[in-house]
1. Of the numbered conditions (1) over 19 Å from residue 70 (Cβ atoms); (2) more than 26 Å from the chain's Cα centre (by Cα); (3) crowded, with 21+ Cβ neighbours inside 10 Å, residue 157 fails exactly one; give the number of that condition.
2. Being in a loop (DSSP other than H, G, I, E, B) and touching a Gly at 6+ places or on another chain (Cβ under 9 Å) is the filter; apply it to the range 274-306 and report the residue that is farthest from residue 249 (Cα to Cα).
3. Has the range 93-100 got at least one residue that is open to solvent by 50 Å² or more (accessible area, probe 1.4 Å) and either in contact with a strand residue (DSSP E or B) (Cβ under 7 Å, 6 or more places away or on another chain) or closer than 25 Å to residue 274 by Cα (or both)?
4. Inspect all residues belonging to the range 139-151 and state whether any of them is under 29 Å from the mean Cα position of the chain (by Cα) and surrounded by fewer than 17 Cβ atoms within 10 Å (Cβ to Cβ).
5. Just to verify a result, which residue in the range 33-75, among those that are within 22 Å of the chain's Cα centre (by Cα) and modelled with pLDDT under 80, is most open to solvent (accessible area, probe 1.4 Å)?
6. Restricting to the range 76-92, name every residue that is crowded, with 24+ Cβ neighbours inside 10 Å and more than 13 Å from residue 18 (Cα to Cα).
Amino acid sequence: MKEKVMDAMQKFSKAMFVPVLILPIAGILIAVGNVFTNVRLIERFPFLDNPITIGFGSILSAALLPILTNLGIIFCVGIALGLAKKKKAEAAFTALLGYFVFLNAMNKFMALREMLVPADALQGSGQALVLGIQVLDMGVFLGLILGVVTALIHNRFIDKTFSNAFQVYGGARFVFIVLIPVVVGLSILSTFVWPVVQTGIDNLGGVIQQTGNFGIFLYGTLERLLIPTGLHHLIYTPFLYTSLGGVADVGGQVFEGARNIYFAEIADPAVTVLSQSVIWDARGISKMFGLIGACLAMYHTAKPENKFKVKAILIPAVITSFIAGVTEPIEFSFMFVAPMLFVIHSGLSGLSMVALNLFGSRAIGPNGFIDFLLYNIPLGIEKTRWPIYVLVGIAFFFIYYFLFRFLITKMNLKTVGREDEGNETKLYSKKDYKEQQLAGNDGMVAASSSQDSIAALITEGLGGDSNIKTIDNCYTRLRLKLNDPELVNETLLKEQTSAKGVIKNGENVHVVYGLTVPKVRENLEAYLGREGENE
């Protein structure tokens, strides 16, 4: 039972990536639009004071801001797409249809029961207009629920076929037929259940707010601590996109969730100082500053003969952590050999958020330096107080460095470059890769051969083709389901395929490769002849 629950949670966590990773694009473009309409910037740079740039910025912000007010449908389609085992496009389309059915069914039932409040009294009533239809304000939770329900029905009935005259009603059509009564029933049930659930959510949000800095510390710590399980997305997503992360009235419109409020406030010239709720999205100190200090500590404490190799391993990891906020390559470099350091890193991540809150920072940088620049710098110091973020980051760089260096040397921890004789981790270097590419007469053939050889090694490390049940990936991990996880050869995967770490949880096995994982999955599927099996 425990394995089934963990498997379900990991699948849901991975599915969340579909909508979550696309939303920052909208946020960045809203910030760009704000640059062209920002009064202070226009005063400082007079060439921006013209109808073309101001009009462009206004249109860009206005066009993208509705995405934040319609997250329910985005998550509904995205979750169904992510959880569908095959024919994902049909699952996403069916989820969209189910969303419309739910809204209209709930609206009609509420009208029959005379539950609908007047249109001018919606604010604070627990009801809202969703795609122009008045229903209970379930926010992003409606999308999550309908996405999961659609995916479950889709996976169960997508292969259902009929003969003769009923043949046309098989497959995706039958899924929709089954979905209709389920969604209608769910909409009716929700009118009774959701007000109670919403009260519980509001109370939980109140408790979190009352805990103050302790709540922030716990949130920041868990967000890092759950990385080995792949469930850390389930910690921060509710705070970013639901009322748990705060509720604010911006320009006469109510926004829920830290990131939604942030994007709404940066697009509103009337907002001079961002709200405190943005602290839930200020998760980048450890990525941009802390882990760099940790890497410097690991380099300085490495054995002299290993320092060149350690430098080659850590520098690319530092760059991806600082620029793009991808931390797993670094975290896995000490997670398994010195788990205590990972726990301390998680705690320091939580403390960094507390420090930002104490000093009144209103800047965010969830995915590294690029995000930090685009989100904060154009808005000015007064609105975001971004220099505080930088100063806190520099302080945590030194805290990480000195604390990690002290613990590594004091406790003789076997971090990168300090392994015992004969147990040193060997990774493919850039030189090795180039030599493989140059092998043979034709460059393209050599590259293909190199890819096949890596895929062959991964297959061997996973216990062979017959041991691999499913292949998938998230942002940095190759996610697999194996018949017998005990057949996994972790040493081979780490030493010969450049894997940063291997995580086992029942029949679910995650192999961490970093940002190159989509290509790793593509090559592995091509090698095994399983291309398109999840389409």
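1. Here residue 157 meets the rest and fails (3).
2. Let us first name the residues in the range 274-306 that are in a loop (DSSP other than H, G, I, E, B), namely 274-275, 282-284, 302-303.
Restricting the remaining residues to those that are touching a Gly at 6+ places or on another chain (Cβ under 9 Å) gives 275, 282-284, 302-303.
Values: 275: 11, 282: 21, 283: 24, 284: 26, 302: 53, 303: 56 Å.
So, considering only residues that are in a loop (DSSP other than H, G, I, E, B) and touching a Gly at 6+ places or on another chain (Cβ under 9 Å), the one farthest from residue 249 (Cα to Cα) is 303.
3. no
4. At the first step, the residues of the range 139-151 found to be under 29 Å from the mean Cα position of the chain (by Cα) are 139-151.
Adding the requirement that they be surrounded by fewer than 17 Cβ atoms within 10 Å (Cβ to Cβ) leaves none.
No: zero hits.
5. Just the residues of the range 33-75 that are within 22 Å of the chain's Cα centre (by Cα), to begin with: 64-75.
Filter once more, so that each one left must be modelled with pLDDT under 80: 65, 68-69.
Values: 65: 42, 68: 11, 69: 59 Å².
Among those residues, the one meeting the criterion is 69.
6. The answer is 91, and nothing else.
Residue by residue, here is whether (1) over 28 Å from residue 8 (Cβ atoms); (2) among the β-branched types (Val, Ile, Thr); (3) out of contact with any helix residue (DSSP H, G or I) (no Cβ under 8 Å at 6 or more places or on another chain); (4) part of a helix (DSSP H, G or I) holds:
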residue: 93; (1), (2), (3), (4): no, no, no, yes
residue: 102; (1), (2), (3), (4): no, no, no, yes
residue: 117; (1), (2), (3), (4): yes, yes, yes, no
residue: 123; (1), (2), (3), (4): yes, no, yes, no
residue: 128; (1), (2), (3), (4): yes, no, yes, no
residue: 149; (1), (2), (3), (4): no, yes, no, yes
residue: 160; (1), (2), (3), (4): no, no, no, no
residue: 168; (1), (2), (3), (4): yes, yes, yes, yes
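Okay, residues lined up against (1) farther than 28 Å from residue 34 by Cβ; (2) open to solvent by 20 Å² or more (accessible area, probe 1.4 Å); (3) not aliphatic (A, V, I, L, M):
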{"residue": "266", "(1), (2), (3)": "no, no, no"}
{"residue": "269", "(1), (2), (3)": "no, yes, yes"}
{"residue": "275", "(1), (2), (3)": "no, yes, yes"}
{"residue": "302", "(1), (2), (3)": "yes, no, no"}
{"residue": "341", "(1), (2), (3)": "yes, no, no"}
{"residue": "344", "(1), (2), (3)": "yes, yes, no"}
{"residue": "350", "(1), (2), (3)": "yes, no, yes"}
{"residue": "356", "(1), (2), (3)": "no, no, no"}
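The values are calculated or read from the model by the stated rules, or taken from the named source; none is laboratory data. Not measured: the values here are computed from a predicted model. Ideal geometry is used to build each Cβ from the backbone, glycine not excepted, and the neighbour counts take in all protein chains shown. Please note that ligands, DNA and RNA were not included when accessible areas were found on the heavy atoms of the full protein model with its side chains. Shrake-Rupley method; radii C 1.70, N 1.55, O 1.52, S 1.80 Å.
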